[in-house]
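A short write-up of the structure that comes next.
Where a number appears in this text, it was derived from the coordinates with a stated rule and is not lab data. Note that the structure is predicted; figures quoted are calculated from it, not measured. In this analysis, Cβ positions are derived from the backbone assuming ideal geometry, glycine residues included, and neighbour counts consider all displayed protein chains.
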């Protein structure tokens, strides 16, 4: 199958050797997003709710560029530097998703790129 590289200026540019997303057939693999503001590439600092919201906005932009929406996500991976933020993730996620929810994993990590407190990646099917 042919691979299609997805790019949008509405999400942060890659900060390493990866693409924002890769589409193979009807499956799209969305790379990890941290709470970077796309136009400035600056990290939203401090308020965790704002960081979580920014990450969902970034994922939504890549999903849209891929021809889908967040509701097309079948698997969501969330990485947190502080697992006590888990309830807040659930609260904000409920603003972006409705049932049936995607499969999901939440993993505690020691640190993330650029000092972010959260990162998410996803698999989407359209």
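Remarks
- Computed FRET value (nearest 0.05) for residue 10 with residue 81, which takes r as the C-beta separation and R₀ as 22 Å: 0.30
- As a length-normalised measure over Cα pairs under 8 Å and 6 or more apart, the relative contact order of the chain settles at 31 percent.
- Only DSSP H runs of four or more residues enter the estimate; each adds -39500 (n - 2.57), and after division by the residues of the chain the mean residue ellipticity at 222 nm equals -7500 deg cm²/dmol.
- Placing pseudo-labels 7 Å out from each Cα toward the beta carbon at residue 111 and residue 53 gives an inter-label distance of 2.8 nm.
- Dividing the convex hull volume of the alpha-carbon atoms in the stretch 3-125 by its residue count gives 95 Å³ per residue.
- GNM top mover of 47, 85, 72 - the chain, alpha-carbon springs below 10 Å: 47
- Relative packing of 37-44, 86-93, 60-67, which averages over residues the other C-beta atoms within 10 Å, highest first: 60-67, 86-93, 37-44
- Between residue 103 and residue 18, the modelled labels are 1.9 nm apart [label points 7 Å from Cα along Cα→Cβ].
- Each peptide in 52-58, 18-24 receives the mean, over its residues, of other Cβ atoms within 10 Å, and ordering these scores from highest gives 52-58, 18-24.
- Subtracting the Cα-Cα distance of residue 121 and residue 95 from 0.36 nm times their residue separation leaves 7.6 nm of extension gain.
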